[in-house]
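The block underneath contains the structure these notes are about, expressed in structure tokens.
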Amino acid sequence: MSTVLTASAERQAREDDGELAALAARCHYYMALMRETEDRIERKLYRQGKIVGGVYVGRGQEAIPVGSALHALPDDVLLPSHRDMAVLFIRGVPLRRVFAQYMGRVDGLTRGRDGNMHMGDMQRRVVAIISALAATVPVAAGAALALKYQGKDGVAFCYFGDGATSRGDWHEGVNLATVQKLPVVFLCNNNQYAYSTPLELQMACANVADRAPAYNMPAEIVDGNDVLAVYDATGRAVAHARAGLGPYMVECKTFRMTGHSAHDAAHYVPPELFAQWEKRDPIRRLETRMMENGWADRAALEAANARIRQEVDEAVAWAEQSPYPDPSTLLDDVYENS
Amino acid sequence: MSTTYLEAIREGLWEEMERDPNVFVLGEDVGVYGGAFKVTAGFVEHFGTRRVVDTPISESAIVGAAIGAGLMGLRPVAEMQFADFITCGFDQIVNFAAKCRYRWNASVPIVVRSPSGGGIHGGPFHSQNPEMWFVKTPGLKVVCPATAYDAKGLIKSAVRDNDPVIFFEHKGLYRRIKEDLPAGDYTVPIGKAKVVREGRHLTIVTYGAMVWTALEAADELAREGASIEVVDLRTLLPLDRETVFASVKKTSKVLLVHEDTRTGGIAGELAVSITESIFEYLDAPILRVTAPDTPVPFSPTLEEAFLPNTAKVVEKARWLYRY
């Protein structure tokens, strides 16, 4: 893979800053919460048969939704992809409702009408993805067009993986956004596999960011397993978009530390790649850094992780009490008045 | 002053944009060119480029952007240059727009305007009637006006509707028909068929340009003593079966007519609905006149053979009348 940028000089200069310690703690909370939630879903509830259907997790990619979405302001709209669960938490979606969603219960965000990460809430300005990837890219352009139309300085955060950039929708959406100079931040998690298909069978260029010049769009490549680097890069992207300068892309290099889904053992991924990327685990890297900089000690981090496990325990217990939807509601809500 | 079908749509859109600042149009060549058929002629001069957005040739982006803007509280009206190109935005319509409310209670108040229909020598890619692709998709509304009055009233209802509406406007009617429209604001409800000619012996159920064909056939058969009722469906989804049933209960015979191709056309759905619900009222088999199961051909002799016309409708209607 190509060069990965390390932490920016700009940030190095503020390493001692208390503000940075606080940011690191927030990043740690959301990343660890996403990891614990998805572990519970994939390794426990799914295997217990409490989750039917597909389970797709973002293990190893947590730095990307966290480092980016922490920049979102209330007017901004976010369009997470299926490995970006932390976006929901950052926007205030209750954890218990996420578990209820995965278990097909009535208290899930879709009331049992859809599963896994297919959820959204326009009150929180989060748009639900559909399974056809990249379909949210034109939708993000339209949401950004609306923000501009309404005279707001909001930004659309549009998330997608490397594979999604092969779809026509991606190109149509990016083209419309750049032609109209719409305030969109395009956030790519390049995890190097689209299901079983490796990057080199997906595109002839080395980086997703290489696609950007064709649209006259600024782009940068960042270490997607370094949450503070993702935070910095997204900050530049958001400032650009919010200033009315048009879209900006951040390609976050990462690795999918699982199969495509819970039923995929990923035999096609060379084991040494997993081993190599395991060493770059974004949560452990952040924890090490926090301890090295004196922002937290081992005991504090363990206490934080224990609180998260308890939060997850409580959310799972609550979701398991949530009823399945009543079959008599099958026909409801196809239309506004139905 | 008489208003054409095209002008009626234009007036309806214009008035909705004057009424509600959240309404805007987007599509290919809708701005300075005024749209391929000039439905939005003069719009950009009056409403500006903020509300009349010329887009790249990207139907998926046009529909997708409409969805995004709709989710954010605007009321976009997207134009497909020809209904034939709606295929390029198909996923956005059937997978994104149609399912948002059912899945996550999100409102997608968009209109996708689609000039459809044959008889203009447009060939296989400028003549199709793709309405049934969308009638198969719960969550969408599919509207096919036949008259200038309904075109204006239905485009207004479509703009005000909080669900996605696919609005098929028949190109062959654009400048062919006209009528006096009432002054001032009015709407026509989506999901309501209309009896456009009353009769006793036989019901013809149809929509779009074929309403005029059915009316001509009814006039011709009136000379033979047949009293034919014509029902204009106006909306295909949600389908107003009740109005059809009421008419068939009265006449006991029904001929289903559409310009769309035969297999999977609305006629099949209506025929089953009628036999399921009011079979005992029927005095004759249910017949249909449709285009055959072929692409729309280009050459005039072939296209004429393809399209249903008055003679074909008269032949089947006469058979039913005499049955």
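Observations on the model:
- Of all DSSP beta bridges in the protein assembly as shown, antiparallel share, percent nearest 5: 15 percent
- Projecting label points 7 angstrom from Cα along Cα→Cβ for A:Ala206 and A:Asp264 puts them 2.6 nm apart.
- Nearest-0.05 FRET efficiency for A:Arg298 and B:Ser107, computed from C-beta distance (R0 45 Å): 0.35
- Direction-averaged projected area, Cα convex hull, chain A: 17.6 nm², rounded to one decimal.
- Each Cα pair of region B:194-322 feeds into the Kirkwood radius, which the Stokes-Einstein equation turns, at 20 °C and 1.002 mPa s, into a diffusion coefficient of 147 µm²/s.
- Placing unit charges on each Cβ (+1 for Lys and Arg, -1 for Asp and Glu) gives region B:178-312 a dipole about its Cα centre, and among B:Val296, B:Ala284, B:Leu236 the Cα reaching farthest toward its positive end belongs to B:Ala284.
- Cα Rg over Rh - region A:131-251, Kirkwood: 0.96
- Taking other C-beta atoms within 10 angstrom as a stand-in for reagent exposure, B:Thr3, B:Thr87 fall in the order B:Thr87, B:Thr3, fewest first.
- GNM result for chain A, Cα springs below 10 Å: residue of A:Thr288, A:Thr37, A:Thr165 fluctuating most strongly: A:Thr288
- Global form of region A:93-169, assessed from the alpha-carbon gyration tensor, a/c cut-off 1.5: oblate
- Computed from Cα atoms, the angle from the helix B:59-71 axis to the main principal axis of chain B rounds to 70 degrees.
- Residue among B:His121, B:His170, B:His258 with the largest mean-square fluctuation in a Gaussian network model of chain B, springs linking Cα atoms under 10 Å: B:His121
- Ordered by the count of other Cβ atoms within 10 Å of each Cβ, fewest first, B:Val231, A:Val106 give A:Val106, B:Val231.
- Taking 26 Å as the straight-line reach from the Cα of B:Lys253, the lysines in range (excluding those fewer than 8 positions away in the same chain) are B:Lys192, B:Lys194, B:Lys312, B:Lys316.
- Beta bridges per DSSP with both ends in region B:194-322, % antiparallel, nearest 5: 20 percent
- Note on A:Met291 and A:Asp332: the model spin-label points, each 7 Å out from Cα along the C-beta direction, lie 5.0 nm apart.
- Rg and Dmax of chain B, based on Cα coordinates, read 19.4, 60 Å.
- Lys, Arg +1 and Asp, Glu -1 on Cβ, resulting dipole of chain B about Cα centre, debye, nearest 20: 520 debye
- Global size of region A:69-124 as Cα Rg and Dmax, reported in angstrom: 10.9, 31
- Note on region A:256-338: with charges restricted to the Cβ of Lys and Arg (+1) and Asp and Glu (-1), its dipole about the Cα centre is near 700 debye.
- Modelled FRET efficiency - R0 22 Å, A:Tyr195 with A:Arg284, Cβ distances, 0.05 increments: 0.25
- Residues B:Ile177, A:Ile41 arranged by fewest to most Cβ contacts within 10 Å: B:Ile177, A:Ile41
- Shape of region B:2-180, Cα gyration tensor, a/c cut at 1.5: rounded
- Across the protein assembly as shown, the convex hull enclosing all Cα atoms gives 164 Å³ per residue.
- Of A:Pro271, A:Asn175, A:Leu331, farthest towards positive along the dipole that unit charges on Lys, Arg, Asp, Glu beta carbons give chain A: A:Leu331
- Cβ-placed point charges (K, R +1; D, E -1), dipole of region A:188-259 about Cα centre in debye, nearest 20: 200 debye
- Farthest toward positive dipole pole in region B:194-322 [+1 Lys/Arg, -1 Asp/Glu at C-beta], among B:Thr310, B:Gly199, B:Ala271: B:Gly199
- Cross-link partners of B:Lys99 among aspartates and glutamates, defined as those whose alpha carbon lies under 15 angstrom from its own and excluding same-chain residues fewer than eight positions apart: A:Asp114, A:Asp121, A:Asp332, A:Asp333, A:Glu336, B:Asp91, B:Asp163.
- Using a Gaussian network model of chain A in which every pair of alpha carbons under 10 angstrom is joined by a spring, one finds that among A:Ala209, A:Ala134, A:Ala243 the greatest mean-square fluctuation is at A:Ala243.
Throughout, read-outs are computed from the coordinates displayed, never taken from laboratory work. What you are looking at is a predicted structure, and each value in this text was computed from that prediction instead of being measured. Glycine gets a Cβ as well: all are built from the backbone with ideal geometry, and neighbour counts include every protein chain shown.
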